[in-house]
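The values are calculated or read from the model by the stated rules, or taken from the named source; none is laboratory data. Everything numeric here is computed off the predicted structure, so don't read it as measured data. Glycine also receives a Cβ, built like all others from the backbone with ideal geometry; neighbour counts cover every protein chain displayed.
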């Protein structure tokens with residue numbers, strides 16, 4: 001078994017060492033132009049040139065859950081693409097979203113502002129029934145977020161491409177049910193994969209359908225959001241605020257209005273970081289399973305883009 005490795009990451013050398021240690025019977029080499037043909041590839045943000053040369057790949061393992069950038073490349077037609085399905089990211093995402101939800105619903109930003117002015121002020125107790133949370137995208141991460149929010153007794157509903165059945169979650173599916181889903185949500189969490197169909201899905205038309213004083217949390221991809229539309233809805237008062245972890249341009253330029261908007265909270269794409277050891281252990285397990293002829297999870301459907 002010959003594995004070609006390419007990873008644009010500060011931890012790339014550690015990932016390579018772990019892969020070699022876990023698969024001592026395999027030949028594992030960093031990819032560079034002119035490298036010998038490999039059977040498998042383990043990649044993150046590879047160049048097109050890699051796949052122009054590596055035409056014999058049977059399987060491509062993506063070091064991450066999001067494959068939108070990889071699927072824009074011309075890949076060998078026979079190659080399976082396999083993504084990570086969790087590897088420690090789901091618990092991080094649930095933690096991040098629950099923090100953002102409680103920050104808004106409990107008014108912690110207002111308490112912080114009041115404390116800065118030495119102002120002892122108390123807000124009325126929270127009625128969670130007034131803050132239904134809608135989750136767009138009900139994959140592994142979306143389902144974990146839904147379960148975490150249920151723990152804090154928020155009404156939770158979800159929308160996905162195909163209908164899911166999740167205990168305690170009212171599920172919607174497809175374009176025909178999107179308007180009903182949005183109208184019954186006050187907080188909206190975007191965890192969708194980025195595809196041609198979902199690009200720009202957070203726009204004036206969709207976000208306007210949220211309940212008044214709605215709140216947006218985008219932890220998926222920056223290209224899901226039409227930025228000017230969000231600013232317009234915040235300035236009109238229809239939306240109360242937004243927590244954004246992903247952006248169309250990263251790093252977010254210093255001149256971008258999101259930095260200075262009083263109702264936008266910005267974080268630098270840290271809602272769920274890839275954990276090298278856990279991720280590589282999952283990839284190794286899938287490589288070994290495929291070698292034994294066993295099925296593996298999280299095979300990407302090229303027609304869906306995820």
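Here are a few things to note about the model shown:
- Filter pass, residue 41 being at pLDDT below 95 and within 17 Å of residue 279 (Cβ to Cβ): no
One line per residue, one yes/no per condition, for (1) over 26 Å from the mean Cα position of the chain (by Cα); (2) on the phi > 0 side of the Ramachandran plot; (3) modelled with pLDDT under 95:
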{"residue": "15", "(1), (2), (3)": "no, no, yes"}
{"residue": "30", "(1), (2), (3)": "yes, no, no"}
{"residue": "36", "(1), (2), (3)": "yes, no, no"}
{"residue": "64", "(1), (2), (3)": "no, yes, yes"}
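- Summed over region 171-187, residues that are surrounded by 13 or more Cβ atoms within 10 Å (Cβ to Cβ) and more than 21 Å from the chain's Cα centre (by Cα) total 4.
- Residues that are out of contact with any strand residue (DSSP E or B) (no Cβ under 6 Å at 6 or more places or on another chain) and not in a loop (DSSP other than H, G, I, E, B) do not occur anywhere in region 72-88.
- Residue in region 118-132 that is surrounded by the fewest Cβ atoms within 10 Å (Cβ to Cβ), counting only those that are in a helix (DSSP H, G or I) and in contact with a helix residue (DSSP H, G or I) (Cβ under 9 Å, 6 or more places away or on another chain): 130
- When residue 211 is tested against (1) crowded, with 18+ Cβ neighbours inside 10 Å; (2) out of contact with any strand residue (DSSP E or B) (no Cβ under 7 Å at 6 or more places or on another chain); (3) within 26 Å of residue 303 (Cα to Cα), just one condition goes unmet, and that condition is (3).
- Residue within region 165-175 that is touching a helix residue (DSSP H, G or I) at 6+ places or on another chain (Cβ under 7 Å) and closer than 27 Å to residue 278 by Cβ present: yes
- When 297, 273, 279 are screened for being touching a residue at least 60 places away in the same chain (Cβ under 8 Å), closer than 23 Å to residue 142 by Cβ, in contact with a helix residue (DSSP H, G or I) (Cβ under 9 Å, 6 or more places away or on another chain) and outside any loop (DSSP other than H, G, I, E, B), only 279 passes.
- Hits in region 266-306 - residues which are surrounded by 18 or more Cβ atoms within 10 Å (Cβ to Cβ) and within 20 Å of residue 109 (Cβ to Cβ): 271
- When residues of region 254-265 are limited to those that are part of a loop (DSSP other than H, G, I, E, B) and touching a residue at least 24 places away in the same chain (Cβ under 8 Å), the one surrounded by the most Cβ atoms within 10 Å (Cβ to Cβ): 261
- Applying the set (1) outside any loop (DSSP other than H, G, I, E, B); (2) at pLDDT below 95 to residue 115 leaves exactly one unmet item: (2).
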